[in-house]
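This report refers to the structure that appears directly beneath it.
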C-alpha cells in the first residue's frame with residue numbers, strides 16, 4: 001500500500017470513518033480516494049466541486065490543523081446507492097494556538113463500486129444548513 005492508498009470499506013456505515021481517517025492523515029491525496037472520479041463536494045454556498053477544486057477545498061479544511069470527528073446518524077441503502085446522514089466536527093486548538101470550531105450535519109450519497117467498495121458520489125458536508133443560513137441572511 002503506497003502513501004496515498006486508502007483502505008476503502010464494503011460497509012456504508014463505515015465510509016464516513018474511512019473519510020475521517022484519510023482527512024486526519026493530513027494528505028489531501030488520500031482524501032481524494034474516498035470519492036468517485038466524478039464525485040462532487042458541495043460548498044457551503046451550494047457550489048459543486050470536483051477534481052482539483054474538490055481537492056483544494058478539502059485541503060483548506062485540513063489546513064485548519066485539527067482532526068475531524070464523524071458520527072453517522074443514519075444510512076439508507078438501495079442497491080448500490082447509500083444516503084448517509086453524518087454529524088461531523090473539526091473542533092479543538094491547532095498548532096498555532098487558535099481555537100477551531102467548524103461543524104455540520106452532512107447529507108451524502110455514496111455508491112458501491114464494481115470492487116464492492118463505497119465512495120462518495122455527492123459529499124454535502126453542510127446538508128440543509130447552508131440553504132437555511134442563506135435564507136436567514138437574505139432577509
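Since every read-out is calculated from the coordinates, none of them should be taken as a lab result. Since the model is a prediction, treat every value here as computed from it, not as a measurement. Here the Cβ is made from the backbone with ideal geometry for all residues, glycine too, and neighbour counts use every protein chain on show.
At a glance:
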| read-out | value |
| --- | --- |
| Solvent-free Debye scattering, log10 I(q)/I(0), computed from the Cα coordinates of segment 12-137 at q = 0.10, 0.15, 0.19 Å⁻¹ | -0.29, -0.67, -1.08 |
| Mean separation of Cα contacts under 8 Å, 6 or more apart, over the residue count of the chain: relative contact order % | 25 |
| Segment 87-116 versus segment 1-56: alpha-carbon centroid distance in Å | 10 |
| Peptides 31-40, 13-22, 97-106 ordered by average Cβ neighbours within 10 Å, highest first | 13-22, 31-40, 97-106 |
| Point-to-point label distance, residue 74-residue 91, nm (Cα→Cβ direction, 7 Å offset) | 2.3 |
